[in-house]
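First the structure, in the form of structure tokens, and then the observations on it.
The values are calculated or read from the model by the stated rules, or taken from the named source; none is laboratory data. The structure presented is a predicted model; accordingly, all values stated were derived computationally and were not measured. Neighbour counts run over all protein chains shown; Cβ positions are idealised from the backbone, glycine included. Protein only, heavy atoms only, side chains kept; ligands, DNA and RNA dropped before computing areas. Shrake-Rupley method; radii C 1.70, N 1.55, O 1.52, S 1.80 Å.
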Amino acid sequence: MDVWSSLMDGFATALTPMNLLYAVIGVLLGTAVGVLPGLGPAMTVALLLPVTQVLEPTSAFIMFAGIYYGGMYGGSTTSILLNTPGESSSVITAIEGNKMAKAGRAAQALATAAIGSFVAGTIGTALLAMFAPIVVQFAVSLGSPSYFAIMVLALLAVTAVLGSSRLRGFSALGLGLAIGLVGAGSGQARLTFGIPLLTDGIDIVVVAVAIFALGEALWVAAHLRRTPLHAIPVGQPWMGKSDWKRSWKPWLRGTAFGFPFGALPAGGAEIPTFLSYVTEKRLSKHPEEFGHGAIEGVAGPEAANNASAAGTLTPMLALGLPTNATAAVMLAAFTGYGIQPGPQLFASQGPLVWALIASLFIGNFLLLIINLPLAPLWAKLLQLPRPYLYAGILFFATLGAYSVNLQAFDLVLLLVFGALGFMMRRFGLPVLPLILGVILGPRLEDQLRKALKLSGGDPLGPNGLFGEPIAVVVYIIVAIILVWPLLFKLYRRARPAAVSMPATSMPATRSGASEPQEAGGAVSHGSHRADGNPGGDGGDGDG
Amino acid sequence: MTIVVGYVPTPEGEAALTQAIAEARKSNTTLLVINSSKGDSLVDNRYALEPEIQSIEDRLAIQGIDHVIKQPVRGHDAAAEVLDAAEEHNADLIVIGLRRRTPVGKLIMGSTSQRILLEADCPVLAVKAG
């Protein structure tokens, strides 16, 4: 079998001592940033982009894969012990997980999250290895018109489906596309403002580091002080027999929800975790425990978010379409190495891709054996004074942005886009559409130009934009996505009582914070983005 | 006339509080309990939670001691908060708990107790965990 032998070759590459070392570094780093609210895998990968330019691509991607999966793991620890989700995809975990921890079952909650993540991650990665080549086979037959249509769909879906406000989503997308336009890539200088340094375009690394690292650090610094919380003390995670019995089915069901949603453009990890939670609540033999710490409510959503992480990599590797922030930044890394993402990737970079997939299996296993014993240690990380942390991030951001081209002008750009990232967070603009716009915009234009060249400049002709059946189908989906809210509104107006929105998926209370009796005015209760607005922050979140 | 006590939820902090209560009863003065955090890290186990504060409140009320409990989070370190409170209320005694620190540990981490001992304008009573 072809897939099998390629995968085994991948394992051979990924298991060399050096690559294994990078996997361990990635996994540890990923867990650490997952644990700390506000830091996410997207920011970490962005910060490491310049560092890895000196590494071999295979090693770099093995490390990124470790960070990506590690971030998913780490998020659950903070959710359970602190009720402050480290990431938007762990918001649901906090509901039951923190209740379990408060009831003295933190060890079991952490164990079911970790083992569930391992199970889901392994199955998800296996599905990725199975489906990605099939998607590629299908994708290589696509012409430019279809490919253009699929990219339009991906951009629209991420913009319109995720996040609370479409206006904000489209504003962010517009900003991203505009940044992507800068330069003379099309043979004509656009948006260069007469500055010669802009003719080469803006380096994606600078944009990613500015938006994810600088913007986030400034945002946190803007409301640095808050009433400290107490982490619930925990020993070694473990599970009893009844916990296993109650966990394994939610793990599998969570995986089934997570993978397809992750693979869809704009699927993200929030929707499947929520669906998994609702399903477990309905199927549970102990529905009365939900809301008071039901283990199923941790096992299912945690499995779902890890499976969706694997699912996300399917369109990323097979089509070159990132559907979340971390995948977007990883895609930027591909371009940094001069590797063309897209359906050709499996053919042109086969060994790299299969080593990456193999390293996902390895990373998953490493996470399990590293994280089960180390959970109490990770919780200690939360006592780190944040000024040190963010000072370090700013330092690495600056160093990284400068080292790409060794040009001081890039630092100016870094500051400008960092300020933009800060303002976007301030006004609730999601950052994911922006970064996707920057990355996909130029490729979108490229496909459009190819399609128009083939049709002789006639967009509506037989070889034009609507010339392929797939393209037409995709445009219909795009139309549905755009018109859907309107239809929904009409429907609701017609039958106001019949449609009720599902309850909000966020944990309603943040406990553990005792109100200070004095100096209330001096405390900035800046609720963190991660627990305040999961929809609006593609940035650190769903990676 | 006030006694200021720097409280942290540790054995040393408990010892300081117990001593401070005894002093306050003896001289029949107001007891000002300070428990603060810089608020710059997400988790600070030295910042007392509501139930702990409530139990101290109850304990002081039962003993009939005139008291104020403050939990300032202003980005200042604990020593500064205690010294500020002592100056503001014109305290005649500060009570703190001491814990063993090696010279190197003091060099690296600094010492809250040392700062209070050196900078306070009033007598400081330092107790150790029992």
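Every residue, every condition in (1) more than 30 Å from A:V234 (Cα to Cα); (2) of a type in the set (A, V, I, L, M, F, W, C); (3) crowded, with 24+ Cβ neighbours inside 10 Å; (4) touching a residue at least 12 places away in the same chain (Cβ under 8 Å), yes or no:
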residue: A:V119; (1), (2), (3), (4): no, yes, no, yes
residue: A:T122; (1), (2), (3), (4): no, no, no, yes
residue: A:P133; (1), (2), (3), (4): yes, no, no, yes
residue: A:L142; (1), (2), (3), (4): yes, yes, no, yes
residue: A:S146; (1), (2), (3), (4): yes, no, no, yes
residue: A:L156; (1), (2), (3), (4): yes, yes, no, yes
Taking the stretch B:62-76 on its own, how many of its residues are open to solvent by 40 Å² or more (accessible area, probe 1.4 Å) and touching a Gly at 6+ places or on another chain (Cβ under 8 Å)? 1
How many residues are part of a loop (DSSP other than H, G, I, E, B), touching a residue at least 24 places away in the same chain (Cβ under 8 Å) and either more than 10 Å from chain A (Cβ to nearest Cβ) or not hydroxyl-bearing (S, T, Y) (or both) when one looks only at the stretch B:17-46? 7
Among the residues of the stretch B:47-61 satisfying the criterion of being more than 7 Å from chain A (Cβ to nearest Cβ) and open to solvent by 60 Å² or more (accessible area, probe 1.4 Å), which is farthest from B:A24 (Cα to Cα)? B:P51
Could you please give the count of residues in the stretch A:386-407 that are exposed (fewer than 15 other Cβ atoms within 10 Å of the Cβ) and within 13 Å of chain B (Cβ to nearest Cβ)? 2
Mind counting the residues in the stretch B:8-20 that are at pLDDT 90 or above and open to solvent by less than 10 Å² (accessible area, probe 1.4 Å)? 3
Does B:E88 satisfy the condition of being open to solvent by 70 Å² or more (accessible area, probe 1.4 Å), away from every other protein chain (no Cβ under 14 Å) and more than 29 Å from A:L382 (Cα to Cα)? no
Across the stretch A:36-58, what is the number of residues that are open to solvent by less than 10 Å² (accessible area, probe 1.4 Å) and closer than 20 Å to A:F334 by Cβ? 8
Lone unmet requirement of (1) open to solvent by 20 Å² or more (accessible area, probe 1.4 Å); (2) of a type in the set (V, I, T); (3) more than 14 Å from every other protein chain (Cβ to nearest Cβ) for B:I96: (1)
Tell me, yes or no, whether the stretch A:195-202 has at least one residue that is among the charged types (D, E, K, R) and either within 30 Å of B:N35 (Cα to Cα) or touching a helix residue (DSSP H, G or I) at 6+ places or on another chain (Cβ under 6 Å) (or both). no
What are the residues in the stretch B:88-117 that are hydrophobic (A, V, I, L, M, F, W, C) and farther than 21 Å from B:E23 by Cβ, if any? B:V104, B:L107, B:I108, B:M109
Residue within the stretch A:219-236 that is away from every other protein chain (no Cβ under 14 Å) and modelled with pLDDT of 80 or more present: yes
Which one of the conditions (1) more than 23 Å from the chain's Cα centre (by Cα); (2) open to solvent by less than 20 Å² (accessible area, probe 1.4 Å); (3) of a type in the set (D, E, K, R) does A:D2 fail to meet, given that it meets all the rest? (2)
For the stretch A:106-116, does any single residue satisfy the condition of being of a type in the set (S, T, N, Q), touching a residue at least 12 places away in the same chain (Cβ under 8 Å) and either under 23 Å from A:A303 (Cα atoms) or open to solvent by 20 Å² or more (accessible area, probe 1.4 Å) (or both)? yes
How do the helices (runs of 4 or more DSSP H) wholly within the stretch B:55-130 filter down when requiring 3 or more residues that are at pLDDT 90 or above, closer than 22 Å to B:S27 by Cβ and not aromatic (F, W, Y): which remain? B:78-88
